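Take a look at the structure set out below.
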Amino acid sequence: MNKTKTPSISLALFMGSFASLAAYHAAAGGFEITAQSIGSQGTGHAGRSSNVADATVVYGNPAGMSFLDHAQVSVGGTGIRAYTEIDNVSSNFSADAEGSLSLLPFLPPLTFQLGPGDMGRVSGTNEGNMVPDSLIPYAFYAQPLTERLSVGFGVYVPFGASTDYDDDFEGRYHGTLTELSVITAQPTLSYRLTDRLSFGAGLTYNRAEGELAVKVPHIEDAVNGTPPSPETDEEVRVSGDDDAWGYHLGLMYRPTDATSLGLTYRSSVEFELAGDIDTTGFVQEMLPRQPGSLDLTTPETVNFSISHDLFEPLTLMAGASWTRWSQFEEIAIDGEESGERIIVEPQEYSDAWVYSVGAEYRPSSTLALRAGFAIDNSPTNDRTRSVRVPSDDRKLYSLGLGWTPLPNLSFDLAYTYINEKRTRIDQARTYRGSSEALAGLIDVDADASTYYGANYETEAHAVGAAVTYRF
């Protein structure tokens, strides 16, 4: 059998969803994070747009700042730990090559098959628990200027996630490392139009950073009968960052002293993450290190909620959030030197809703007890769900506690249990390349196909703490 040179792997060879990074955050599907208020977390974020409790209203609903009586600062964070079990795993790897030899110009070329064909299951492990522990912080400040006008500022994390599989993960040819973080700074104004109606608006300055990695099998060895293994794999890694602007709008209306309605709109933000495409080993021959970029749009979100004081110690809340994930159709990474799309992968997300209900009970002036429940519908689908985004619909159960030992000082604690629907991943990918053998006399086209399928079952725990000081 003629030995081929290393095939030049087709550049559309890897990467799961860059934007849809699979992690377990405090709520919201896809890669959206709603961990900007520990008090709101305790009620399942049911009253996010209608409650005016502290300076976190800068994020919850900027219109609510004008209903605050004092200048205040709120600082907090949520720690998240996720557990994932992977079972019912199946995989396959096959390698073939077709050689073509032209003996004479006037005769058709002689073709022949090379390679072992089906090579069976991919070697590797399926340990699960690929989501690292994470901490999501925030800080907000709100300042009344007049009876009707207030200003505020916030720094928080609206999007972000991380997955990190072992190097010998059985599905490594579909993704290993995925990281994304978006940090937002938001200056905000709020004006009370009447005693019961307020409007708020804020600009958002957003900094996004991301990194992806995937393993690539050694196709030359596979064509010659050697099964792929972690020891012979190479890697492609992409990293990039960008800054972009957006905006946040809010309305708040209090038809009665006991009822509050809130509506907010958070704009989409368009990033062009520019960075480097790095490769190792034999992959460098086909895809040398070069600058690359990825267009990433974080989706727009609309939230509506209502809060009602049923009687003096008890407030009931309900809310709904809509996220326009349908504009997220594909992942495409462009190589600057090659002048072509290096990675193209369809996503075909759907718009998604989150529904929540919650309550706060105040047995005394210094203590508040909270509880909430949310249904979080995933934007992913069975056809394009990947090892990078092994998520499905979720249910979230929350408890919270507020303590105000002094009139100007309060503490909040919250716990959320996230239970995700058991879901299935089915991914296939083909690597194609060509090379020459026997001093250029034989043209060789090589194919390597890999498949990975598995069931994922995940649960997560989120614990948050915050302090608010009023001036």
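Rounded to the nearest 20 Debye, what is the dipole magnitude of region 108-195 about its Cα centre when Lys and Arg each give +1 and Asp and Glu each give -1 at the C-beta? Let's see the in-between values first.
Values: 4 positive and 11 negative charges, 106 e Å.
Here the size comes out at about 500 debye.
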### Query
With each label point set 7 Å from Cα along the Cα-Cβ vector, what nm distance links residue 135 and residue 426?
4.3 nm
## Note on the structure
With all protein chains present, region 388-431 has a carbon and sulfur share of its accessible area (1.4 Å probe) in percent of 64 percent
### Loop-resident sites, region 230-296, for GluC sites (Glu not before Pro), counting at most 15 other Cβ within 10 Å (DSSP)
231
### Query
If you plug each phi of region 51-65 into the Karplus form 6.51 cos²θ - 1.76 cosθ + 1.60 with θ = phi - 60°, what whole-Hz ³J(HN,Hα) values come out, in order, with x for Gly and Pro?
8, 10, 10, 7, 5, 5, 5, 3, 8, x, 6, x, 5, x, 4
### Task
Given the peptides 125-137, 377-389, arrange them by the average over their residues of other C-beta atoms within 10 Å, most packed first.
377-389, 125-137
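Kindly report the accessible area of region 107-213 per residue (heavy atoms of protein chains, probe 1.4 Å, no ligands, DNA or RNA), in Å². Don't jump to the answer; show the numbers that get you there.
Working: 4770 Å² over 107 residues.
I get 45 Å² per residue for this part.
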### Message
Quick check for you: which residues of region 393-420 have the amide N under 18 Å from the point 7 Å beyond the Cα of residue 364 toward its beta carbon?
### Response
401-413
### Summary
Karplus ³J(HN,Hα) for region 191-200 (6.51 cos²θ - 1.76 cosθ + 1.60, θ = phi - 60°; Hz, whole; x = Gly/Pro) runs 10, 8, 5, 9, 5, 10, 10, 9, 10, x
## Note on the structure
Here the relative contact order (percent) of region 136-264, from C-alpha pairs under 8 Å and at least 6 apart, is 21 percent
### Query
What ranking, highest mean first, results for peptides 150-162, 353-365 when packing means the other Cβ atoms within 10 Å averaged over each residue?
150-162, 353-365
### Query
Once you put a point 7 Å from the Cα of residue 353 and another 7 Å from the Cα of residue 231, both along the Cβ direction, what distance in nm separates them?
5.5 nm
### Message
Cut-off 19 Å, label point 7 angstrom out along Cα-to-Cβ of residue 98: give me the residues of region 208-234 whose amide nitrogen falls inside.
### Response
220, 223-224
## Note on the structure
Classified through the alpha carbon gyration tensor (a ≥ b ≥ c as square roots of its eigenvalues; rounded if a/c is under 1.5, else prolate when a/b is larger than b/c, else oblate), region 113-190 comes out prolate
### Message
With just the Cα atoms defining each centre, how far is region 355-413 from region 52-68? Give it in Å.
### Response
18 Å
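The values are calculated or read from the model by the stated rules, or taken from the named source; none is laboratory data. Quick caveat, the model's predicted, so the values are computed rather than measured. Here the Cβ is made from the backbone with ideal geometry for all residues, glycine too, and neighbour counts use every protein chain on show. Accessible surface is based on the protein model in full, side chains and every heavy atom, while ligands, DNA and RNA are left aside. Shrake-Rupley method; radii C 1.70, N 1.55, O 1.52, S 1.80 Å.
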